[in-house]
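Notes to accompany the following structure.
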Amino acid sequence: MTDPSWSATVRYAEADQQGVVFNAHYLLYCDEAMGAFCSQHDILEFAELVRLKTSTLTWHAPARWGDVIDVYTSVTGLGRTSITVKFDLRVGERSCCTVDTVYVYADVAGQPQPIPDTVRQVLL
């Protein structure tokens with residue numbers, strides 16, 4: 001397995017009364033990982049213009065307050081104007097959640113645009 005795109009310790013405010021990460025925070029972790037992934041691949045301008053289309057979350061095991069959560073990011077599909085990204089959120093060797101997300105590359109008005117060839121080459 002490659003290095004994670006993003007890692008952080010689960011904060012108290014991200015957990016419920018049982019110490020388990022509240023569901024919505026997994027999408028926040030994916031947003032952080034996508035920004036880090038784009039930064040690591042020197043395509044920050046791409047990150048600024050992608051718009052979330054859909055996300056499907058599948059939970060496997062809970063992350064808890066104090067755990068270090070690692071998010072592994074991989075491109076699983078690349079269309080003319082869209083990209084499908086898989087996020088694997090893990091605590092150590094244990095998978096907590098997988099998230100399949102489709103982003104659309106769009107201009108500032110939100111109109112889909114072809115993904116630039118320079119970005120496409122990095123994502124392949």
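Read the figures in this text as sums done on the coordinates, not as results from a lab. It should be emphasised that the depicted structure is a prediction, and the values quoted were computed from it without experimental measurement. Don't worry about glycine lacking a Cβ; one is built from the backbone with ideal geometry, like all the others, and counts go over all protein chains shown.
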Note to self: Could you go through the stretch 38-45 and let me know if any residue there is of a type in the set (Val, Ile, Thr) and under 18 Å from Gly77 (Cα atoms).
What the structure shows: yes
Notebook entry, point to check: Across the stretch 22-42, what is the number of residues that are part of a loop (DSSP other than H, G, I, E, B) and either basic (Lys, Arg) or loosely packed, with under 13 Cβ neighbours inside 10 Å (or both)?
Noted result: 3
Next item on the list: Write out, first by first residue and then by second, each pair whose Cβ atoms fall under 6 Å of each other, whose residues are 6+ apart or on separate chains, and whose first residue, in the stretch 39-67, is under 14 Å from Arg90 (Cβ atoms) while the second is small (Gly, Ala, Ser) and part of a loop (DSSP other than H, G, I, E, B).
Entry: Arg64/Gly19
